[in-house]
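Please read the structure below before turning to the comments.
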Amino acid sequence: MRDRAAIQERYLRDVLSVRLGGLAANLSRIKSFAAHEASRDAVEGLIDESKYFIEWTAAEAESHAAEQLVALQVQLARWQCDWSVIWTDPERRRHLAEESNTWSKRVLEMSGLLSQTAK
């Protein structure tokens, strides 16, 4: 992650719903980039950044949302622990992409941004 302090400062300027939307966007990028073997470093960076986004956001979320965010953070840490195996195995990488997509949709729903745009 580039300058973590600067990223945190910028990230925390947004309201909770926008921060969750940013996290959902990161998870969607993981899904997209995982399809390309050359994107290993980009995906690894997005996973790391997403863990920090959760750390900086979960305390402000409602308890049910915070619980889900912590579960997501644990999943991201598991991916990091198994990173070299996941990335070199196309099936495991495909599974990571699917899980990331599922989480992206869940976090986007949690953000409330979809219902705000429907109004």
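Mean projection of the Cα convex hull over all viewing directions, computed for the chain: 7.4 nm².
Is there a quick way to get the dipole size of the chain? I mean about its Cα centre, with the Cβ of Lys and Arg at +1 and of Asp and Glu at -1; what is the value in debye to the nearest 20? Charge dipole of the chain: 280 debye, to the nearest 20. Normalised by the number of residues in the chain, the mean separation of alpha-carbon contacts (under 8 Å, six or more apart) gives a relative contact order of 38 percent.
Computed 3J(HN,Hα) for segment 22-31, one whole-Hz value per residue from the Karplus formula 6.51 cos²θ - 1.76 cosθ + 1.60 where θ = phi - 60°, is x, 5, 4, 5, 4, 5, 5, 5, 4, 4, glycine and proline marked x. The stretch between Glu9 and Ala59 holds 16.4 nm of extra length on full extension. This uses 0.36 nm per residue minus the Cα-Cα distance. Computed from backbone phi with θ = phi - 60° and the Karplus coefficients 6.51, -1.76 and 1.60, the 3J(HN,Hα) list for segment 44-54 is 4, x, 5, 4, 5, 4, 5, 4, 5, 4, 5 Hz; x is used for glycine and proline. Between Leu23, Gln80, Trp56, the Cα set farthest toward the positive side of the dipole of the chain (charges on each charged residue's Cβ, about the Cα centre) is that of Leu23.
What residues of segment 52-75 lie in the reach of a label at Leu16, counting those whose backbone N is under 15 Å from a point 7 Å from the Cα along Cα→Cβ? Hits in segment 52-75 for Leu16 at 15 Å: 54-70. The convex hull defined by the C-alpha atoms of segment 63-112 has an orientation-averaged projected area of 3.3 nm². Efficiency by 1/(1 + (r/R0)^6): what FRET value for Ala66 and Ser115, r their Cβ-Cβ distance, R0 = 25 Å, to the nearest 0.05? Computed FRET efficiency for Ala66 and Ser115: 0.80.
Values quoted throughout were computed directly from the atomic coordinates according to the rules given, and no laboratory measurement underlies them. Here the structure is a predicted model, which means the values were calculated and not measured. In this analysis, Cβ positions are derived from the backbone assuming ideal geometry, glycine residues included, and neighbour counts consider all displayed protein chains.
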